[in-house]
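What follows is a short report on a single structure.
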Amino acid sequence: MSIITLGIESSCDETACAVIEDGRIVRSSIIASQADLHSQYGGVVPELASRMHVEAIVPCIREAMKQASIEYSDIDAVCVTKGPGLVGALLVGVSAAKALCEVKKIPLVGVNHMAGHIAANYLTDVSWEPPFLCLVVSGGHSEILLVKDYADMEYICATRDDAAGEAFDKIARVIGLGYPGGPKLDKASQTGDPTAFSFPAPKISDSLDFSFSGIKTAALNTINQVRLKGEDVDVNDFAASYQDAICSILTDRLWKAVKKTKMKKICLAGGVSANSCLRAKITEMARKNHLELCLPKMAYCTDNAAMIASAGYYDYVAGIRDGLDMNAYPSLEM
Ligand code: KG4
Ligand code: ZN
């Protein structure tokens, strides 16, 4: 008998629900994006995000169940993102999941959003299993984890300041690309020259840690200098150069982590793993060094509930359950 997990995700600006079979097979994955709403404000407005989740959550759950052709009685566990994320947004998903579990007497599993991102790889390659190294890069996170087992992970390094996604979003806004910055910067880069501008590589002694604040400041200074001369920055060239610099740092750190841990299996996770330049650089690095690589399917790179239902499945089969007193944890660590 297969195990069915229903995933619910509402940590930021996507309301999502998905039905997954045995942690790996996507029976349905529904995402209601709020990007259009927030783009007029240049970023996510937490209060509005919560309100939109309240509107979208029940239709999302209904649609995911309908597309997967399942009844409530078919669900073995409801897996919901309990953190990290925006507290008001998280609470909508957590409350909906708890109501469902209480009324239908279904076990509840609270899932760490970042563990969910890593699980995107399990949905991409059904034979992908720990141990492996994972470069996790999203709007709020940049870290490399050694995933020893489904629920046993060790930090190899993390960011000392900004996350990679944040560094993309900030500069995209400054050069007028708007929100969401990462994907727009990626698109603009396609026709830009990555050698047009150069940026300093961060110097953090021998540490593997990331730091993006220096490169962000250098980018802002370059833009200001060009504008002071009464000129305009070539948006495509600037985007391509900046993206190339950040992706080079990420690739270099992952390679150093490979050497440090001697792990020959690598993968990516998080919204920034959708970046075309990063995917190309990591693919080349893996090819040159004969590493086994998994790149998450584009649909599972950015926030979705399929990844939450997959990560939750592994907790569920390990016997992990949460009580109906479970809260939302905005700063939840791995
Ligand atoms: O994982 P995610 O959807 O949400 C968080 O958990 O943060 O990641 C969102 C981040 C944003 O910073 C967004 O700009 C970035 O991922 N992102 C990208 C791309 N697609 C999404 N960054 C660079 N290139 C992309 N193609
Ligand atoms: Zn995310």
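The values are calculated or read from the model by the stated rules, or taken from the named source; none is laboratory data. Everything quoted here is computed from the prediction, not taken from an experiment. Here the Cβ is made from the backbone with ideal geometry for all residues, glycine too, and neighbour counts use every protein chain on show. Accessible surface areas use protein heavy atoms only, side chains included; no ligands, DNA or RNA. Shrake-Rupley method; radii C 1.70, N 1.55, O 1.52, S 1.80 Å.
Would you confirm, using the coordinates I've provided, whether residue 52 is closer than 15 Å to residue 92 by Cβ and modelled with pLDDT of 95 or more?
Considered against the rule, which asks whether it is closer than 15 Å to residue 92 by Cβ and modelled with pLDDT of 95 or more, residue 52 comes out as yes.
Kindly indicate whether residue 233 is closer than 30 Å to residue 122 by Cβ, among the hydrophobic types (A, V, I, L, M, F, W, C) and in the same structural domain as residue 134 (by TED's automatic domain parsing).
No.
Can you tell me which residue is most open to solvent (accessible area, probe 1.4 Å) among those in region 285-308 that are aliphatic (A, V, I, L, M) and within 17 Å of residue 123 (Cβ to Cβ)?
298
Output the residue which, of all residues in region 20-44 that are β-branched (Val, Ile, Thr) and open to solvent by 40 Å² or more (accessible area, probe 1.4 Å), is nearest to residue 2 (Cα to Cα).
25
Going through region 71-87 one residue at a time, which ones are in contact (Cβ under 8 Å) with a residue 40 or more places away in the chain, away from ligand 1 (no atom under 16 Å from the Cβ) and not charged (D, E, K, R)?
The answer is 75, 77, 78, 79.
So, in region 1-44, exactly how many residues are assigned to a loop (DSSP other than H, G, I, E, B) and either at pLDDT below 95 or closer than 17 Å to residue 304 by Cα (or both)?
Adding up the residues that qualify gives 13.
From the list 198, 127, 138, 189, exactly one residue is within 16 Å of ligand 2 (Cβ to nearest atom) and either open to solvent by 50 Å² or more (accessible area, probe 1.4 Å) or out of contact with any Pro (no Cβ under 7 Å at 6 or more places or on another chain) (or both). Which is it?
Answer to the selection: 138.
Is it the case that some residue within region 318-328 is assigned by TED's automatic domain parsing to the domain that holds residue 89, open to solvent by less than 50 Å² (accessible area, probe 1.4 Å) and in contact with a helix residue (DSSP H, G or I) (Cβ under 7 Å, 6 or more places away or on another chain)?
no
From the list 175, 282, 223, pick out the single residue that is within 20 Å of residue 158 (Cβ to Cβ) and either more than 16 Å from ligand 2 (Cβ to nearest atom) or open to solvent by 30 Å² or more (accessible area, probe 1.4 Å) (or both).
After ruling out the rest, the residue left standing is 282.
Could you pull out the residue among 209, 149, 161 that is under 23 Å from residue 269 (Cα atoms), of a type outside the set (A, V, I, L, M, F, W, C) and open to solvent by less than 50 Å² (accessible area, probe 1.4 Å)?
209
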